[in-house]
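Below is one structure; the comments refer to it alone.
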Amino acid sequence: MAGNDLPRHFLIQFFGVYNMAKKVEKVNKDDEVAQDFTNQLSSFLNNNLDIQIESLKTGGIIPYWIDTGSYALNWIIGNDFFKGIPGTRIILISGEPGKGKSFLLDKILGANIAAGGASVKVGIEAAANYDFSSQIVGSEEIAEKIHLVKSKTVDDPITIEKLTSIIYKTIDFQASKKKDMNKSVAIGIDSVTQLTSEKELDSVEKKADGKKAAKDMTSSQKMRELFRTIEQRLEHANVTLIGIGQLTANIPTGGFTPPGTPKTVVNAKGSGFAYASSLTIQMVSDKEIKDAKTQTPIGIRMKMKTTKNRIKFKGRDCWIFFYFARGVDKFRGLPELLTRYGVLNSFKLDTDKNGNEKRTKIALGVAGLFDKTLPTFSFIRPDGTEVLFTHKTISEVVSEEILREMNDKLNEIYDGILKESGFNEADLLTSDDPVDEEEEYANGEEE
């Protein structure tokens, strides 16, 4: 072999690396050309149309968050104990009657007030007692600042048409303030299910007079129109819309129930609210909280699940604890969530006859709660130190710094679960198509 000859395997490796480098260079150049074209296109559209174009990274930013009052519920919504429901979005809270949906809505409206925002509640159903509402939202001062919109006279109820005007006027008023607009305006609707329409009112009056009247088939259409037209306007006015929808039995017509038909359906006057919403929180279960000595009901434990979520992931659940005397407990439900994902260890802490510490593991029950014995919890911090606490001492022992460490660990574990199971964020962002109980009928019938 001549002195300047190189081994064959070396030449193959060299030219392989060289060709790869050339390909990477070409890809990078193609990317630059494509990005330059995109920038030129954006500039052209901006100059010739009345629109705004920005990167998806900045265009999808949530301008503010409204605390739900529960660290656990905040996490299943947005992966963060310290956030809550997304501002400038449409939120639907659903569940069976009497599950506590109105409590949660009031808590969110109160949290928005406490953060410097303005909250308006459109009362379709009877409002809670003022003293009780004050306990739910946190104080009388906050309760006084939530403005309640209700019908003026017996002949002038809040209809879909009037609700549309309320929302439009609120958005217009807020937008007219321009740089002086409020940082966040929350509109709560309690409840969407109980809304009526002008045509339905007219139909009822005709029936009361003994006349025939066609069934109202306009409600779902009007609701779709409302949400199609306001969805893009909310962000420009810093307005968040939160509605309550009742879960009702789903009874298909025709005598045949197709396999897989859901047993319940969200009744929110058609599919408009469900399709337009960025987040649907469903109350799937509840349990009474009773005083240990007297067995007097003192609160409700509510299991919450995100059935639709365009912010993070759908399908996650947690328990929140609502107490009649003090509202939602920020910490309760969090130890259960953290134990389920392995962030915390839970055990009964005792000492043996020699005075040595003894730990007996306590597992979560089937429902995701600790059935009888309330455990001691252990969290190992990133620096290796151990933090011990119970349900009663968690608010005193666990600082904000430790909470953020727990939050990071929980997200790390959850991301690992997704990767191991083959799921990704895109698989979990979308929701199933909602069943629309009103749109199953093609035409109205005379009764």
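Here are a few things to note about the model shown:
- Cα centroid of segment 175-246 to Cα centroid of segment 87-143, whole Å: 18 Å
- Going by accessible surface with a 1.4 Å probe and the largest first, 75, 65 read 65, 75.
- Close lysine pairs were tallied over segment 282-347: pairs 8 or more places apart or on different chains with Cα atoms under 25 Å apart number 18.
- Qualifying lysines (Cα of each under 18 Å from Cα of residue 199; at least 8 residues distant if same chain): 162, 207, 211, 212, 215, 222, 269
- Segment 90-200 - percent of accessible surface contributed by carbon and sulfur, probe 1.4 Å: 51 percent
- Rounded accessible area per residue of segment 288-374, 1.4 Å, Å²: 54 Å²
- 233, 359, 326, ranked by accessible area, largest first (probe 1.4 Å): 326, 359, 233
- Accessible-area ranking of 413, 77, largest first, probe 1.4 Å: 413, 77
- Each part gets one Cα centre, and for segment 317-353 versus segment 397-419 those centres are 15 Å apart.
- Neighbour cut-off at most 16 other Cβ (10 Å), DSSP loop, trypsin sites (Lys or Arg not before Pro), segment 102-177: 150, 152, 177
- Kirkwood Rh and Cα Rg combined as Rg over Rh, evaluated for segment 261-340: 1.06
- Prolate/oblate/rounded label for segment 120-209 (Cα gyration tensor, a/c 1.5): oblate
- Spatially proximal lysines relative to residue 348 (Cα-Cα < 17 Å; intrachain offsets below 8 disregarded): 358, 361, 372, 392
- The string of couplings for segment 193-205 from the Karplus curve (6.51, -1.76, 1.60, θ = phi - 60°) is 4, 8, 5, 10, 10, 4, 5, 5, 4, 4, 5, 5, 4 Hz, one whole number per residue in order, with x for Gly and Pro.
- Of the trypsin sites (Lys or Arg not before Pro) found in segment 288-318, those in coil by DSSP whose Cβ has at most 13 other Cβ atoms within 10 Å are 293.
- In straight-distance terms, cross-link reach from residue 179 covers every one of the lysines whose alpha-carbon lies under 19 Å from its own, apart from those fewer than eight places away in the same chain; here that gives 169.
- The residues of segment 62-204 have, on average, 42 Å² of accessible surface per residue, using a 1.4 Å probe with all protein chains present.
The values are calculated or read from the model by the stated rules, or taken from the named source; none is laboratory data. Since the model is a prediction, treat every value here as computed from it, not as a measurement. Heads up, the Cβs are rebuilt from the backbone with ideal geometry, glycines too, and the neighbour counts pull from every protein chain shown. Ligands, DNA and RNA are stripped out before the accessible areas are found, and what is left, the full protein with its side chains, is counted by its heavy atoms. Shrake-Rupley method; radii C 1.70, N 1.55, O 1.52, S 1.80 Å.
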